[in-house]
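Asker: Got a structure for you, questions after.
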Amino acid sequence: MKRIMSKMTITWAMLLICAAAYGFDGGKVEVGASGGLFMSSDATFKEIYGKSLFVPELWFSYNVSEKVCLWAEAGFLSKEGTIEEIDEKAKVKSWQTGLGLGYRIDLGEKIRLTLGAGAAWYWFKEEAMALSNSGGSLGLKLKACLDYAVGKRLFLRLAPGFSAVKKDAEDMDLKLGGLQLTAGLGYIF
């Protein structure tokens, strides 16, 4: 877990450095951290690792205009499971990243909805039966973010999303994407 958090911290720091390169112009940059559930689209994955997994996530957005933002996110999951038919242990690690555009809609003085679409890049490594399989693939990410202001610069976020990411393996198609529901805290610079 310590390694996961250090990788997440490095990713977050890189996003802040990128934001600084474009300048912190009051209210244009938002950063945050979330945690939530990832539910894979792959039936075999669910059988081995469970129907939902916890995913910590860091995110960043840059407001291009009053209604449009550019967003980036990175999440990580790691889970051990069992292949029931042969009673064999398995382990998976996955980085889930996304980059896209969002359209913002004000729903009140303190509530804002952002509808987003973009590219998703998922990388995974799975170990089972003394074999290792790894790879990455590009796909589609759709998301909605409901933000509630709790202060001038601080806000809470609830974000459902869906990713369609597939990887062709030797003898099967792997579905790396799925449904995700996260909740977190964001800060506006």
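The values are calculated or read from the model by the stated rules, or taken from the named source; none is laboratory data. Since the model is a prediction, treat every value here as computed from it, not as a measurement. Positions of Cβ are generated from backbone atoms using ideal geometry, with glycine treated the same way; all protein chains shown enter the neighbour counts.
Asker: Can you pull out the residues in region 84-102 that are among the basic types (K, R) and surrounded by fewer than 13 Cβ atoms within 10 Å (Cβ to Cβ)?
Answerer: K89 - this is the single residue of region 84-102 that is among the basic types (K, R) and surrounded by fewer than 13 Cβ atoms within 10 Å (Cβ to Cβ).
Asker: Another question about this same structure. Return the total of residues in region 63-83 being part of a loop (DSSP other than H, G, I, E, B) and of a type in the set (A, V, I, L, M).
Answerer: 1
Asker: Hey, another quick one. Taking region 130-171 on its own, how many of its residues are among the hydrophobic types (A, V, I, L, M, F, W, C), within 22 Å of V92 (Cβ to Cβ) and touching a Gly at 6+ places or on another chain (Cβ under 6 Å)?
Answerer: Result for region 130-171: 2.
Asker: For F189, are the conditions met, namely being in contact with a strand residue (DSSP E or B) (Cβ under 6 Å, 6 or more places away or on another chain) and under 22 Å from E66 (Cα atoms)?
Answerer: It is true that F189 is in contact with a strand residue (DSSP E or B) (Cβ under 6 Å, 6 or more places away or on another chain) and under 22 Å from E66 (Cα atoms).
Asker: Name the pairs: first residue in region 142-163 and in contact (Cβ under 8 Å) with a residue 60 or more places away in the chain, second residue in a loop (DSSP other than H, G, I, E, B) and crowded, with 16+ Cβ neighbours inside 10 Å, Cβ to Cβ under 7 Å, at least 6 apart or on different chains?
Answerer: S163/G177
Asker: Which is out of contact with any helix residue (DSSP H, G or I) (no Cβ under 9 Å at 6 or more places or on another chain) and either surrounded by 14 or more Cβ atoms within 10 Å (Cβ to Cβ) or among the hydrophobic types (A, V, I, L, M, F, W, C) (or both), of G81, G118?
Answerer: Unique residue meeting the criteria: G118.
Asker: Collect the residues in region 123-143 that are surrounded by fewer than 15 Cβ atoms within 10 Å (Cβ to Cβ) and either of a type in the set (D, E) or under 18 Å from G100 (Cα atoms) (or both), keeping them in residue-number order.
Answerer: We begin by selecting, within region 123-143, every residue surrounded by fewer than 15 Cβ atoms within 10 Å (Cβ to Cβ); these are 129-135, 138.
If the condition is that a residue be surrounded by fewer than 15 Cβ atoms within 10 Å (Cβ to Cβ) and either of a type in the set (D, E) or under 18 Å from G100 (Cα atoms) (or both), then L138 is the only one that fits.
Asker: Something else: Looking at the structure I just gave you, is I86 part of a loop (DSSP other than H, G, I, E, B) and in contact (Cβ under 8 Å) with a residue 40 or more places away in the chain? Steps first, answer last, please.
Answerer: Details: part of a loop (DSSP other than H, G, I, E, B): yes; in contact (Cβ under 8 Å) with a residue 40 or more places away in the chain: yes.
In short, yes.
Asker: Let me ask something additional. For region 102-146, what are the residues that are assigned to a strand (DSSP E or B), touching an Asp or Glu at 6+ places or on another chain (Cβ under 9 Å) and farther than 23 Å from S40 by Cα?
Answerer: R104, I111, R112, L113, T114
Asker: If you go through region 172-181 one residue at a time, do you hit one that is closer than 29 Å to E88 by Cα, more than 15 Å from the chain's Cα centre (by Cα) and surrounded by fewer than 17 Cβ atoms within 10 Å (Cβ to Cβ)? Let's see the steps before the verdict.
Answerer: Initially, region 172-181 is screened for residues closer than 29 Å to E88 by Cα, giving 172-180.
With more than 15 Å from the chain's Cα centre (by Cα) added as a condition, the list becomes 172-175.
Filter once more, so that each one left must be surrounded by fewer than 17 Cβ atoms within 10 Å (Cβ to Cβ): 172-173.
Among the residues of region 172-181, at least one is closer than 29 Å to E88 by Cα, more than 15 Å from the chain's Cα centre (by Cα) and surrounded by fewer than 17 Cβ atoms within 10 Å (Cβ to Cβ), which makes the answer yes.
Asker: Looking only at residues in region 49-72 that are among the hydrophobic types (A, V, I, L, M, F, W, C) and farther than 19 Å from W95 by Cβ, which one is modelled with the lowest pLDDT? I'd like the intermediate steps shown before the answer.
Answerer: Filtering region 49-72 for residues among the hydrophobic types (A, V, I, L, M, F, W, C) gives 53-55, 58-60, 64, 68-72.
Narrowing the set further to residues that are farther than 19 Å from W95 by Cβ leaves 64, 68-70.
Numbers: V64: 90, V68: 95, C69: 95, L70: 94.
So, considering only residues that are among the hydrophobic types (A, V, I, L, M, F, W, C) and farther than 19 Å from W95 by Cβ, the one modelled with the lowest pLDDT is V64.
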